[in-house]
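This report refers to the structure that appears directly beneath it.
A short reminder: the numbers here are calculations on the coordinates, not readings from a lab. Note that the structure is a prediction, hence the values are computed from the model and not measured. For neighbour counting, all protein chains shown are included, and Cβ atoms are generated from backbone atoms with ideal geometry for every residue, glycine included.
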Amino acid sequence: MTKKNQDDQAKSSNAADKVTSTEEVAAENAATENAKVETPNTENVESAVSSWKNRLLSVDHWLRFAFMVLFILILSVVSYLIVGLVILQFFWALIAGEGNDKLRDFGSSVSSFISQVLRFLTYNTNTKPFPFADWPASENADLDK
């Protein structure tokens, strides 16, 4: 190899090293910036954890959960009551020729109770239904008998 070729080769090698080192620096800078972005603010994390912990340990939430379990159990019993009421009303209408007004009113108030329980269970209201409130009135005054 001639001296000129060796010099050209050395210059090419130096230029390639500079490009490589520039690329390495750019990659390191990008990695550093990504690390800064990915590192959350410890104060915000501690605040979020504290807030979450307070909600998890809140007596109000667990008390509502207990009431929700109670009303789910009551709802399962009431479903059997409704089935019995439907069968009784059917046989009354079969024998007497028309439905019993008292059974109809009771069925209407039970339906209102079920609606109140479901509204409480789905967080649409904070008012607890019967037995913590009055038994709902029949809505049959508006209906044709």
* FRET efficiency, 1/(1 + (r/R0)^6) with R0 35 Å, evaluated for I87 and N44 via beta carbons -> 0.05
* To do: Treat segment 59-142 as a sphere of radius equal to its Kirkwood radius over Cα pairs and apply Stokes-Einstein at 4 °C in a medium of 1.567 mPa s; give the translational diffusion coefficient in µm²/s, rounded to a whole number.
  => 92 µm²/s
* Two-site label geometry, K102 and F65: point separation in nm, points 7 Å out along Cα→Cβ -> 4.4 nm
* Per residue of segment 102-117, in order, report the coupling 6.51 cos²θ - 1.76 cosθ + 1.60 (Karplus, θ = phi - 60°) as ³J(HN,Hα) in whole Hz, putting x for Gly and Pro. => 5, 5, 5, 5, 5, x, 5, 5, 5, 4, 5, 4, 4, 4, 4, 4
